[in-house]
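Before any comments, here is the structure.
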Amino acid sequence: MKDLFIILDISKTHLLAKKKQTAVAALGVTFGIGMFIIMMSFMTGLNELLDGLVLNRTPHVQIYNKTAPTETQPSDRYFDVLNNLNYIHSIKPKSRLERIHNALPILSELKKNDQVKGATPQATCKVFYLAGSNNLNGVISGIEVKEEVRLFNFKDYIVDGDVNSLIKKKNSILLGAGVAKKLSLSVGDKIQVVNTKGANFSLSIGGIYQSGLAEVDDIQSYVNLKMAQQILGAGGNYISRIHVKLNDINDAVPISTLIKNLYDVEALDIKKANAQFDTGSDIRTLISYVVSITLLIVAGFGIYNILNMFIYEKMNDIAILKATGFTGKDVMYIFIVQALVIGMLGGVLGIGLGYGVSLIIDEIPFVTEALPTIKTYPINYDPLFYVTGITFALISTFLAGYLPARKAQKLDPVEIIRGQ
Amino acid sequence: MNLILETKNINKYFLEPVKFHVLKDISIQLQRQEFVSIMGKSGCGKSTLLYILSTMDTNYDGELIIDGQNMSNQTKDDLARIRNEKIGFIFQFHYLLPEFTVLKNVMLPALKLGKDDANTIKKNALEKLDILGIADQANKKASRLSGGQKQRVAIARSIINNPKIIMGDEPTGNLDSKNSEIVFDVLRKLSAELDMSMLIVTHDHDFAKKTDRIIEMEDGFIL
Ligand SMILES: Nc1ncnc2c1ncn2[C@@H]1O[C@H](COP(=O)(O)OP(=O)(O)OP(=O)(O)O)[C@@H](O)[C@H]1O
Ligand SMILES: [Mg+2]
């Protein structure tokens with residue numbers, strides 16, 4: 001206890017006597033940790049943005065009707081396969097409706113499953129958009145707006161108008177941005193759509209939908225589910241797709257297999273739907289790990305070097321202290337305390353620097369067609385980076401103080417004196 | 001007879017750059033309160049011997065006994081404690097902590113010993129500085145002193161814990177004859193009053209003549 005007091009006292013004198021050196025050493029730490037935090041926040045911010053771009057809007061499992069040839073053809077049943085070689089050319093799938101058979105029971109079963117966060121029905125119909133003398137091919141999907149907003153961030157893609165207009169007004173439409181541009185329509189205008197049977201519907205534009213993918217925005221619009229069913233001329237149980245969001249994305253494959261086995265439908269999981277994206281995302285994650293480890297190593301060496309020099313300059317003091325009766329341990333603690341103080345000081349400043357610069361980056365405008373909701377560069381304020389940063393600052397400064405001090409601890413005082 | 005320090009056949013070699021036998025069969029004895037000076041040509045091994053006797057160098061052959069304890073059995077921490085408590089050392093090149101005040105330099109060994117509280121230690125330190133005539137410098141940084149002043153601070157530091165033995169490596173080397181005399185008188189008085197023994201390396205014949213005994217060294221031997 002009494003020794004601790006002397007140790008702190010000596011450390012304080014050392015640190016304050018050479019304020020400039022102390023500051024330089026601490027700034028070395030600050031810079032290293034600050035850089036780490038900035039890079040990580042920015043890099044993972046971008047990654048999350050890209051992931052979110054796809055993952056947030058893509059259903060974990062998409063359910064739709066199977067259109068594939070029957071696996072067991074009638075001929076196979078009649079002439080058993082073991083003794084005969086049945087060969088049929090150009091098998092075609094049986095004609096089936098686009099709607100999912102028994103969609104409503106499936107939907108309510110899914111909603112009961114506690115692995116499922118939510119499931120939304122959609123009814124899709126092909127239409128022509130008419131405005132004046134123009135007409136354009138298009139697709140209108142009927143949705144349950146509230147659920148789409150909750151599960152798939154649907155609101156983020158409505159760049160103009162109000163997403164809730166679909167609920168307020170039955171004949172409201174959220175028009176694809178490409179369509180709106182081509183027909184030079186905007187919110188509040190009317191648009192005529194014609195279904196495949198030639199029936200005409202007048203809809204009012206409640207908002208503009210922009211996904212960022214031009215080929216989608218040029219054809220896709222959204223209306224209320226009921227409205228879509230009406231355009232289709234079908235009843236309330238006509239549902240062509242069900243989109244499922246799970247609590248854990250990793251359940252996508254097993255759940256989609258389960259659905260396929262239980263019901264007579266096709267279920268596509270997100271891994272298959274976004275195979276390329278998945279690989280890209282894995283590689284980006286790998287890169288960010290590599291970069292973060294590299295940054296930490298570089299910062300660590302910088303910190304270690306600066307502090308090591310700081311300590312070596314004090315070797316003479318070590319010899320004197322030992323000569324006058326301080327033990328090797330006392331001396332070691334003196335230098336560890338100094339190193340840790342510098343690490344703490346530099347680390348806290350580094351956190352400040354990292355946070356400050358992150359805030360600045362967060363304000364820099366970043367506008368892109370593809371990302372209607374993004375206005376500035378993305379930053380990930382994950383506290384883990386800050387904790388890692390300060391932990392690392394303390395570990396590397398501790399080692400930078402500990403290693404030379406441990407060496408000095410073992411030396412006879414005279415060996416240091418003669419070494420000068 | 002009352003031995004405070006004794007060596008038996010101490011030998012020391014330097015291995016770098018070539019093997020060099022610095023100290024050869026050194027056997028000396030130092031009595032309580034005895035004031036002994038060591039003389040010899042430059043390079044004959046006086047500093048080397050003093051470092052060994054003060055336990056700051058443990059790399060030698062032979063035996064060193066201080067106050068009845070054999071030093072070869074001690075751990076480094078024990079040696080540090082013994083140096084702190086029993087030995088006051090005055091370096092040839094004074095060796096103060098440059099960033100600390102004069103007062104702090106003198107106080108530190110006593111703070112480490114921890115026998116007295118900080119206030120008493122401060123008072124003692126000021127007393128010792130006063131004896132050596134540099135009490136007025138107490139709050140200056142050690143690096144700001146002249147060579148002679150530094151040397152006197154080093155002497156004050158060596159006596160702060162009232163050690164059993166004071167070893168000095170030319171403690172008056174940087175001092176004029178008047179101050180050199182003051183230092184001699186201080187040391188003499190301490191040895192008588194506080195039961196301290198002195199082992200002082202010096203090139204100053206006048207200084208040496210006033211001591212109880214002179215040990216002559218030549219080429220690593222005691223004559
Ligand atoms: N670290 C070392 N390595 C090799 N030789 C050394 C080392 N230190 C000292 N010596 C040699 O040992 C001998 C004794 O050195 P020492 O410092 O003990 O001399 P000294 O008697 O104190 O001289 P001075 O009166 O000049 O201080 C010298 O010849 C010196 O060159
Ligand atoms: Mg010498």
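I need the full set of residues from segment B:46-86 which are of a type in the set (A, V, I, L, M) and within 16 Å of ligand 2 (Cβ to nearest atom), in order please. Full working, then the answer.
Residues of segment B:46-86 of a type in the set (A, V, I, L, M): B:49-50, B:52-53, B:56, B:64-66, B:71, B:79-80, B:82.
Of everything in segment B:46-86, those that are of a type in the set (A, V, I, L, M) and within 16 Å of ligand 2 (Cβ to nearest atom) turn out to be B:L49, B:L50, B:I52, B:L53, B:M56.
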Checked B:F89, B:F100 against criteria (closer than 21 Å to A:I10 by Cα, more than 16 Å from ligand 2 (Cβ to nearest atom) and among the aromatic types (F, W, Y)); the one match is B:F100
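So how many residues does segment B:23-54 have that are part of a loop (DSSP other than H, G, I, E, B) and within 16 Å of ligand 1 (Cβ to nearest atom)? Please lay out each step first, then the result.
First, pick out the residues of segment B:23-54 that are part of a loop (DSSP other than H, G, I, E, B): B:27-28, B:32-34, B:41-45, B:54.
In the following step, the residues that additionally are within 16 Å of ligand 1 (Cβ to nearest atom) were identified as B:28, B:41-45, B:54.
The number of residues fulfilling the criteria is 7.
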Heads up, the strands (runs of 3 or more DSSP E) in segment A:184-244 (entirely inside) with at least 2 residues that are over 35 Å from the mean Cα position of the chain (by Cα) and assigned by TED's automatic domain parsing to the domain that holds A:L136 are A:190-195, A:200-209
For segment B:69-84 the number of residues that are surrounded by fewer than 18 Cβ atoms within 10 Å (Cβ to Cβ) and in contact (Cβ under 8 Å) with a residue 24 or more places away in the chain is 0
Out of (1) within 13 Å of another protein chain (Cβ to nearest Cβ); (2) more than 25 Å from B:T172 (Cβ to Cβ); (3) touching a helix residue (DSSP H, G or I) at 6+ places or on another chain (Cβ under 7 Å); (4) within 15 Å of ligand 1 (Cβ to nearest atom), the one B:I10 does not meet is (1)
Of the residues in segment A:9-40 that are over 20 Å from B:N139 (Cα atoms) and within 14 Å of chain B (Cβ to nearest Cβ), the one that is surrounded by the most Cβ atoms within 10 Å (Cβ to Cβ) is A:T22
inquiry  = Suppose the filter is among the hydrophobic types (A, V, I, L, M, F, W, C), buried (at least 17 other Cβ atoms within 10 Å of the Cβ) and either part of a helix (DSSP H, G or I) or within 16 Å of ligand 2 (Cβ to nearest atom) (or both); does A:L345 pass it?
reply    = yes
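Rundown of residues vs (1) under 30 Å from A:V116 (Cβ atoms); (2) in contact with a helix residue (DSSP H, G or I) (Cβ under 6 Å, 6 or more places away or on another chain), yes/no style:
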| site | (1), (2) |
| --- | --- |
| A:F5 | no, no |
| A:L16 | no, no |
| A:G34 | no, yes |
| A:R57 | yes, yes |
| A:P74 | no, no |
| A:Y78 | no, no |
| A:N84 | no, no |
| A:I88 | no, no |
| A:I91 | no, no |
Note on segment A:301-327: residues among the charged types (D, E, K, R) and at the interface with chain B (Cβ under 7 Å from one of its Cβ atoms) are A:D317, A:K322
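Per-residue answers, yes or no, for (1) surrounded by fewer than 17 Cβ atoms within 10 Å (Cβ to Cβ); (2) in contact (Cβ under 8 Å) with a residue 40 or more places away in the chain:
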| site | (1), (2) |
| --- | --- |
| A:N47 | no, yes |
| A:D80 | yes, no |
| A:I88 | yes, no |
| A:P105 | yes, no |
| A:K111 | yes, no |
| A:V116 | no, yes |
| A:Q122 | no, yes |
| A:K126 | yes, yes |
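The values are calculated or read from the model by the stated rules, or taken from the named source; none is laboratory data. Model, not experiment: these values are computed from the prediction. Please note: Cβ atoms are built from the backbone with ideal geometry, for glycine as well, and neighbour counts cover all protein chains shown.
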